[in-house]
1. Taking only Cα atoms of the protein assembly as shown, what ratio of Rg to Rh do you get with Rh as the Kirkwood inverse-distance radius?
2. Can you list residues from other chains, or at least 5 along the same chain, whose modelled amide H is less than 5 Å from the amide H of B:Q18?
3. Using a 7 Å offset from the Cα along the Cα-to-Cβ direction at both A:I297 and B:S26, what is the distance between the two label points in nm, to one decimal?
4. So for the pair B:A222, A:L314, with labels modelled 7 Å out along Cα→Cβ, what separation do we get in nm?
5. Each label point is 7 Å from the Cα along the Cα-to-Cβ direction; what then is the distance between the points at A:E210 and A:E42, in nm?
6. Where in the stretch A:9-28 is the amide nitrogen less than 12 Å from a point lying 7 Å along the Cα-to-Cβ axis of A:I282?
7. I'd like the per residue volume of the convex hull spanned by the Cα atoms of the stretch A:1-75, given in cubic angstrom.
8. Among the listed pairs A:K423/B:K55; A:K423/B:K12; A:K265/B:K55; A:K252/A:K421; B:K16/B:K56; A:K421/B:K8, give every one whose C-alpha distance is greater than 18 Å.
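No lab work stands behind these numbers, since they all come straight from the coordinates. No experiment lies behind these values; they were computed from the predicted model shown. Cβ atoms come from the backbone with ideal geometry, glycine included; neighbour counts cover every protein chain shown.
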Amino acid sequence: MLLLQEIKKIVKSIPYLIFVAAIIIGLFSQSVFRFGDDPLQEPQPGSSYGFKQEEIAEQIMPAALRDLLTEFSNNNYTTYPIGFLKHVKLSEGEQAKIAEILSEITGNNKERILQEVAGISPGGSDNYTFQIGGDAMQQDGNGGFTIGSDENQQNSSEKMTFAVRDDMDYARFKELMGQADDLLGGGSNYAVDSLIGYGTVPLTYEEAKERYDLAVTSDQVTGGYARLFSDYAGVMVLSILPVFLAVILSMKDRRAKMEALIYTKETSAAKLTFIRYLALVIAAMAPVIILSYVSNIMVWSSYSGMQLDYLAPLKYDFGWLMPSVMISTAIGMFLTELTSTPIAVVVQGFWWMLDVNLGIKTVHSGYSLFRLAPRHNVGPKSLFRTQDYLDHFPDLVQNRLLMAGIALALILLTILIYEAKRKGKFGGNAFFKKAVSGIRNRKNQSQA
Amino acid sequence: MNNSIEIKGLNKFYGKKQALYDVNLSIHQGMFGLLGRNGAGKTTLMKTLATLLQKKDGEIIVCGVPIENAKEIRKIIGYLPQEFSMYPSMNVGEAMEYLAILSGLHRSERKERINALLKKVNLTEHRDKKVKALSGGMKRRLGIAQALLNNPKVLIVDEPTAGLDPEERVRFRNLLSEIAEDKIVILSTHIVGDIEATCEDIAIINEGKVIYNGTVDDLLQAAEGRVFTMTVSKRELPQLKRQLSITSMHTQGSKVHIRFIADTLMQGAKECEPNIEDAYMLYLHSSGVREILGEIGGEW
């Protein structure tokens, strides 16, 4: 009964209507209600089936070398150290170290590289040419590299030629690239984990067919769409918006001057806090469940005659999205109870921004342990990449269990804080104000 | 279960500042008035009884239950704080329903209890009115109704009549008197009229110390022979104000009729029957509270 009252209290409030509107707008902007425009198509022999990334040393080494050389010549490196784009400019000493790396990879003289490529001394930057790789390599139209051409690039005799040395060991190459990444402060494409991005090869028909079959059998089609919905819903709305609801509801008693009336009632802190938490999670999940079905139902008619998983949206709503709602709500309740301020919005907002930006490089497959919103932004055109998802499923389970676990731990702490405040043992923001003024006084005294 | 509140050697600190000093009180069924100036420690004592504050030391037993057992205490008390409100968007019925659930009332008894209480506080016809649309008096009555939801043995009411108009104040006092027929009702106030109209037993608290604990009759008796009236000219008044503890003044043309406290009869003065205001003033006066007269204001 209390649960019903708490849910009623939330859903009848203006912030909740704003919350629902924000979810609809956020998801609409990601076209989740137009999944039907993009049907899953069985690959047919003779067409293009897309690309995949593979660790092919012969492809990765020249491509990475080319990028490093270009950035070195401009002394303008692009990195994503904490997810945010950063342009790095190196000192002369650091450039010399990059030149040393380039020298070891290409066999060219380090001093000459510095002078003629980086333009540190007169000589200009046009005095070199770049050879993509061995005899059989060329750049393809998609920005990747493919093997299969017999053409060689012409080198002018007076210019330096940059090509990966024939005897370059791939392990050593990765080590050198790792050193370059360290010099750049991390987060570059040369990081050992990121080098695979230079290895792009086209899918074969057999591979594409295998992907398609997996999407039909394992995902039963609707699972792929539900996963894509969860990817957008998790990152765009449910990792951040529930914190607003939690903060507003947690501050409601205080703002309504109702704290003392509630504190002296019989209901325990544990029951009240947990039921309020449950009410918030239910209220936040309700529109998501409805919208996930609205999005999913729209594609059902395109697959008549196929075995579809009609419960797929529900499975992803609870398994994928609910832990994000749980953690976001728990942070809101915990920090609001602790400080009696809306600081949780800032904290959660910061984590969310960091998560979104850190995830830029892993948007197609981001399942690391501390991800607020896991990523698997792969639609039907890429045949949902179900195998990738299945490969990372244990990581996803760990991540989601961890988030749900942290959320429940925070709620336990919230209960303890609530009970302490209820008995006048802890004053919330009064405690923090006192602590801050104490620090200020000490600072003033030391300055005096 | 014993139907009284026993407070022994109660001390309460806010940080290093002591708010209550060795408070000893025995409160029995009926209306008990806690009288004192603003900031005297009344609210601290009330909040401690309502389990909202922790005591430093001493003992409090509420109807046989030690105050440390907050869970049990909450079952037997009803509390109306000095400043309170309810979710403004809820109507009276919804607010009562919500608080009844928090009070642990089962569905079967909730409806009946809420109806009875709204009738008791004369709010039945305002059941569908939003809390934000209630007048100050109605809100206080709703406050009393919610405090009675669990049919408590003890009702703690902190400054309930402050800011109410005279009619609403009288109505409120009568309501409390009615409730006190079968409960302990502790009424904290700085308005002497509230005590006079409702309480038999009172305590006067000043600067955290109980300076009087007994019946209203005993308080009045102690003031007998020490309250006088006199008619003086307006010209004499400033000097008399410095010399005497004047409790009231009435101007009649160029003359002023004063009522004052003194140890002995002055020339031209007449002894009169003390009222509770005089007795309260006398206690504060004898406790060294000189500035009280300037604080009486319009509420006396």
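1. Numbers: Rg = 39.0 Å, Rh = 32.6 Å.
Taking Rg over the Kirkwood Rh, I get 1.19.
2. When sequence neighbours closer than 5 places are left aside, there are no close amide H contacts.
3. Distance between label points: 7.3 nm.
4. In this crude spin-label approximation the distance works out to 7.3 nm.
5. Reported label-point gap for A:E210 and A:E42 is 1.9 nm.
6. Those under the cut-off are A:9-11.
7. On the way: hull volume 23.3 nm³, N = 75.
Convex hull of Cα atoms, per residue: 310 Å³.
8. Beyond 18 Å between Cα atoms: A:K265/B:K55; A:K421/B:K8.
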